[in-house]
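A quick write-up on the structure given underneath.
The values are calculated or read from the model by the stated rules, or taken from the named source; none is laboratory data. The structure displayed is predicted, hence computed values, not measured ones. A quick note on method: Cβ atoms are made from the backbone with ideal geometry, for glycine too, and the neighbour counts reach across all protein chains shown. Areas reflect the complete protein model, heavy atoms only, side chains present, ligands, DNA and RNA absent. Shrake-Rupley method; radii C 1.70, N 1.55, O 1.52, S 1.80 Å.
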Amino acid sequence: MSASVTANNNFSIDVPGGRLAAERWPGSGPTLVLLHASVADRRAWTATANALAGTYAVVAYDRRGFGESPPSPEPFNHVEDLRAVLDTVAVERAWLVGSSAGGRVALDAALSYPDRVSGLVLLAPAISGAPDFEADAETEALFAQIDAAGDLAEVNRLEARLWLDGPAGPEGRVGGPARELFLAMNAIALRAEAESPAGAGNSEIDVWSRLAEITVPVIVAWGELDIEVLNDRCRELVERLPAASGRELPHLAHLPDLEDPGLVADLIRTAVAS
């Protein structure tokens, strides 16, 4: 493992069989590591990181197959890649902030090496080992459209409808730079996914059955306009974690870090201060 740092705080981390593109914002307080969703990359965190920089040391990176990190030609583990990031920035403990699939990595890490994790901020997290769910009929129909789409551009449009707008909001609810960024980030992820097996890099940890072992402070947040069954799972997650609190975010869907980065920055400040 090695790293090379440039003046603009972009750097790369060599990991077994691959390379991670990363970025950091200096700060005097605790270290935050920001973990993006599977329809995004580290750019989803830029506005939030800019709001937190100085007060906190902030790190964000592209997981393999996202953003500027190429897909891996061999088996790997996202949790071990995160450990490599912590080692490279020479931090013993960090707060992990995870959106969606990034939340799964954060939860996996909290069980895999709890001595390195100070606390968690989870935005509509995926959870390793959680049971399959069935959404409402309208959302399931949208899933079916995504599965049947004939090209990646159409998949990208439909996934923006699902994850950015939210099934409870109209298509195009979120526009402007946030939508443009979603489509650009997810286009990279979709191309990489077409070349890699589904779920590549995920751990085999059954976090769902071991939530009682995660004793660090946790804030779980979910968007009011997200898939309701996922919101119910977030509420159950709060109940099952020993030191967790929950918060519903009004008028937002699955990706609050894209929709309202200032609100997310305030959520993180509240978590660390507590």
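Some observations on this one:
The rows are residues; the columns are (1) farther than 30 Å from Arg19 by Cα; (2) touching a residue at least 24 places away in the same chain (Cβ under 8 Å).
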{"position": "Leu164", "(1), (2)": "no, yes"}
{"position": "Ala168", "(1), (2)": "yes, yes"}
{"position": "Val174", "(1), (2)": "yes, yes"}
{"position": "Glu180", "(1), (2)": "no, no"}
{"position": "Ala187", "(1), (2)": "no, yes"}
{"position": "Ala194", "(1), (2)": "no, yes"}
{"position": "Ser203", "(1), (2)": "no, yes"}
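- Subset of region 25-37 [buried (at least 20 other Cβ atoms within 10 Å of the Cβ) and part of a loop (DSSP other than H, G, I, E, B)]: His36, Ala37
Residue-by-condition table, conditions (1) modelled with pLDDT under 95; (2) β-branched (Val, Ile, Thr); (3) open to solvent by less than 30 Å² (accessible area, probe 1.4 Å); (4) in contact with a Cys (Cβ under 8 Å, 6 or more places away or on another chain):
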| site | (1), (2), (3), (4) |
| --- | --- |
| Ala141 | yes, no, no, no |
| Arg161 | no, no, no, no |
| Asp165 | no, no, yes, no |
| Ala168 | yes, no, no, no |
| Ala178 | no, no, yes, no |
| Asn186 | no, no, yes, no |
| Ala194 | yes, no, no, no |
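- When the criteria are applied in full, Arg233 fails the requirement of being among the basic types (Lys, Arg) and touching a helix residue (DSSP H, G or I) at 6+ places or on another chain (Cβ under 8 Å).
- Qualifying residue in region 252-271 (condition: open to solvent by less than 50 Å² (accessible area, probe 1.4 Å), among the small types (Gly, Ala, Ser) and not in a helix (DSSP H, G or I)): yes
- Among the residues listed as Thr55, Thr88, the single one being more than 13 Å from the chain's Cα centre (by Cα), β-branched (Val, Ile, Thr) and open to solvent by 50 Å² or more (accessible area, probe 1.4 Å): Thr55
- Top-ranked residue in region 233-251 [being acidic (Asp, Glu) and in a helix (DSSP H, G or I); ranked as surrounded by the fewest Cβ atoms within 10 Å (Cβ to Cβ)]: Glu239
- Residue in region 217-225 that is within 22 Å of Ala44 (Cα to Cα), touching a residue at least 60 places away in the same chain (Cβ under 8 Å) and touching a Ser or Thr at 6+ places or on another chain (Cβ under 6 Å) present: yes
- Wholly enclosed strands (runs of 3 or more DSSP E) of region 39-149 bearing at least 2 residues free of Cβ contacts under 8 Å to residues at least 40 places away in the same chain, β-branched (Val, Ile, Thr) and touching a Ser or Thr at 6+ places or on another chain (Cβ under 8 Å): 57-61
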